[in-house]
1. Scan the range 59-76 for residues that are in contact with a strand residue (DSSP E or B) (Cβ under 6 Å, 6 or more places away or on another chain) and open to solvent by 40 Å² or more (accessible area, probe 1.4 Å) and jot them down.
2. So Ser63 ticks every box in (1) farther than 14 Å from Leu4 by Cα; (2) in a loop (DSSP other than H, G, I, E, B) but one. Which box is left unticked?
3. Here are some conditions: (1) modelled with pLDDT under 95; (2) open to solvent by 20 Å² or more (accessible area, probe 1.4 Å). Arg19 meets all but one. Which one does it not meet?
4. Looking at the range 77-119, which of its residues are surrounded by 13 or more Cβ atoms within 10 Å (Cβ to Cβ), in a loop (DSSP other than H, G, I, E, B) and touching a helix residue (DSSP H, G or I) at 6+ places or on another chain (Cβ under 7 Å)?
5. Between residues in the range 48-60 that are assigned to a loop (DSSP other than H, G, I, E, B) and residues that are polar (S, T, N, Q) and surrounded by fewer than 16 Cβ atoms within 10 Å (Cβ to Cβ), which pairs lie under 7 Å by C-beta distance while being six or more apart or on different chains?
6. With respect to Ala40, is the statement that it is out of contact with any Cys (no Cβ under 9 Å at 6 or more places or on another chain), over 18 Å from Thr113 (Cβ atoms) and either surrounded by fewer than 18 Cβ atoms within 10 Å (Cβ to Cβ) or of a type in the set (S, T, N, Q) (or both) true?
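The values are calculated or read from the model by the stated rules, or taken from the named source; none is laboratory data. Because the structure is predicted, anything quoted here is derived from the model rather than measured. Cβ sites come from the backbone with ideal geometry, for glycine too, and all protein chains shown count toward neighbours. Heads up: the accessible areas ignore ligands, DNA and RNA and are worked out on the full protein's heavy atoms, side chains in. Shrake-Rupley method; radii C 1.70, N 1.55, O 1.52, S 1.80 Å.
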Amino acid sequence: QVQLVESGGGLVQAGGSLRLSCAASGRTFSRYAMGWLRQAPGKERETVAVISKSGGSTQYVLSVKGRFTISRDNAKNTVYLQMNSLEPEDTAVYYCAVLDQGTGTFDYWGQGTQVTVSS
């Protein structure tokens with residue numbers, strides 16, 4: 001099965017930037033669409049961004065459009081989330097996961113990385 005490890009989270013002031021990385025095991029990484037999700041205390045889990053297998057197509061939740069960029073490097077088995085102009089509302093645990101395009105659900109979650117944005 002696919003194993004995912006997120007990194008790059010931390011504490012940043014509003015307006016700052018962070019780059020999250022998700023390293024995947026195995027040589028079949030390029031077969032999977034991927035996504036970043038987040039969950040904040042008291043809030044529902046939210047899909048932040050998704051990216052196609054080749055990286056040629058991306059989608060974002062409205063609240064992060066223009067600020068976040070999802071990308072992938074299939075040669076490195078890694079997906080990234082560049083987060084700019086961070087806001088306190090972005091504070092959450094961020095997870096990467098494999099997107100099952102047949103069901104529209106996410107599988108093979110990573111352990112998550114905490115992002116905290118101070119005002």
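1. Gln59, Tyr60, Thr69, Ser71
2. It fails just one condition, (2).
3. (1)
4. Matches in the range 77-119: Asn77 only.
5. Hits for this filter: Lys53/Ser30; Gly55/Ser71.
6. no
This table checks each residue for (1) surrounded by 12 or more Cβ atoms within 10 Å (Cβ to Cβ); (2) touching a helix residue (DSSP H, G or I) at 6+ places or on another chain (Cβ under 9 Å); (3) under 18 Å from Asp73 (Cα atoms).
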residue: Glu6; (1), (2), (3): yes, no, yes
residue: Gly15; (1), (2), (3): no, no, no
residue: Ala23; (1), (2), (3): yes, yes, yes
residue: Phe29; (1), (2), (3): yes, yes, yes
residue: Gly35; (1), (2), (3): yes, no, yes
residue: Val48; (1), (2), (3): yes, yes, no
residue: Ser57; (1), (2), (3): no, no, yes
